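Working notes for the structure below.
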Amino acid sequence: MASTLPLSEFPELSVDPARLPRHVAIIMDGNGRWAQRHGLARREGHRRGKDSVRAVIDAAREIGLPVLSLFAFSAENWNRPPEEVNWLMELFHRYLMTESRRLMKRGIRIVVVGDKARLPGRVCRVLDEVVAATAGNRAMTVALALSYGGRQDLVRAVRRIAEEVAAGRLSAEQVDEPMLASLLATSGLPDPDLLIRTSGEQRISNFFLYEAAYTELYFTETLWPDFREREFLQALAAYQNRERRFGAIGNGVGRGGDGPR
Ligand code: FPP
């Protein structure tokens, strides 16, 4: 039997490394409320949220998770006040500048999903650099969802299919699930097995709409700036206690991690 692999400080929260999800996606929510509760400006919540990003990436890497996706900025987040949008862009920029070496050291590959063209030039440039520099890393993939919307991504993919059909290069009958999936921003990544949302909200909010068809959902009241290694392990442990059936009846497909993807 596979041994359990606790992160050393949390022996009570051991997670079986043989049954890890392949892909965990996280909606990082509650930065603003965290700041409000501490009598601080919203930007302080985001700043502290950045520390949670680092902690969770490190924990995921240590435990051997193959893919982690972080919903950092949604297509709808552009509607926030310009000062907050600018601050978030500044934070992403600073994060990418300062974390690049750390990511390299840990063998982490960064990929981006979302409408990069809407991001400020300086953010785009550093993203391109980090994506290129880490492209050969194999220990773990971190997908940063920036200016991302699931519906927008589906529309973009469908447009491309329509163009191919209109040009006579594709027939409608050739359109199938693998083809659509291959045109999404997440192409090449496994579908998420587990989707975590922090801060008590129980919505998908336009994240991975197509990809999350059979994803296990995990909601926690913890606000993102307080979500660290322990909370991450708790979510993985909860996942490993779920029975995944993928539309079949409850025989043959086992607990989290065992089923067909
Ligand atoms: C949601 O909290 C959070 C965001 C819109 C931004 C997420 C950004 C970070 C976690 C900062 C660092 C990220 C990276 C990748 C370096 P909210 O502001 O909606 O909180 P609220 O619902 O309590 O107002």
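Just so it is clear, none of the values below were taken in a lab; they were calculated from the coordinates. Computed from a predicted structure; not experimentally measured. Here the Cβ is made from the backbone with ideal geometry for all residues, glycine too, and neighbour counts use every protein chain on show.
Here are some notes:
- Percentage, to the nearest whole number, of Cα pairs in the stretch 187-256 over 21 Å apart: 32
- Note on the chain: helix-only mean residue ellipticity at 222 nm, from DSSP H runs of 4+ residues weighted -39500 (n - 2.57) and normalised by residue number, equals -13000 deg cm²/dmol.
- Positive-end residue, the chain charge dipole about Cα centroid, Cβ charges, pick of A72, V142, S100: S100
- Note on the chain: dipole from Cβ charges, positive end direction compared against L91, P21, N31; the farthest Cα belongs to L91.
- Percentage, to the nearest whole number, of Cα pairs in the stretch 1-137 over 24 Å apart: 38
- Student exercise, the stretch 120-162 dipole from Lys, Arg, Asp, Glu Cβ charges, in Debye to nearest 20: 180
- Exposure proxy for H93, H46: other Cβ atoms within 10 Å of each Cβ, ordered fewest to most, give H93, H46.
- Whole-percent pair-distance distribution, where bins are 5 Å wide, for the alpha carbons of the stretch 115-220: 2, 10, 16, 18, 18, 18, 12, 5, 1, 0
- DSSP-defined antiparallel bridges as percent of all bridges, the chain, nearest 5: 5
- Cα-centred dipole magnitude for the chain, charges only on beta-carbon of K, R (+1) and D, E (-1), debye, nearest 20: 640
- Charge tally around L146: other residues with Cβ under 10 Å, Lys/Arg +1 each, Asp/Glu -1 each, net +1.
- Rg/Rg_globular for the stretch 7-64, with Rg_globular taken as 2.2 N^0.38 Å and Rg from C-alpha atoms: 1.41
- Comparing I204, I27, I249 in a Gaussian network model of the chain (Cα springs below 10 Å), the most mobile by mean-square fluctuation is I249.
- Among R118, R47, R22: highest mean-square fluctuation, GNM of the chain, C-alpha pairs under 10 Å: R118
- Ratio of the Cα radius of gyration of the chain to 2.2 N^0.38 Å, where N counts its residues: 1.04
- Footprinting exposure proxy for F208, F10, F246 (fewest neighbouring C-beta atoms within 10 Å first): F246, F10, F208
- If you run the Gaussian network model on the chain, springs between alpha carbon atoms under 10 Å, then out of N31, N137, N241 the most flexible one is N241.
- In percent, rounded to a whole number, the relative contact order of the chain is 26, using alpha-carbon pairs under 8 Å and six or more apart.
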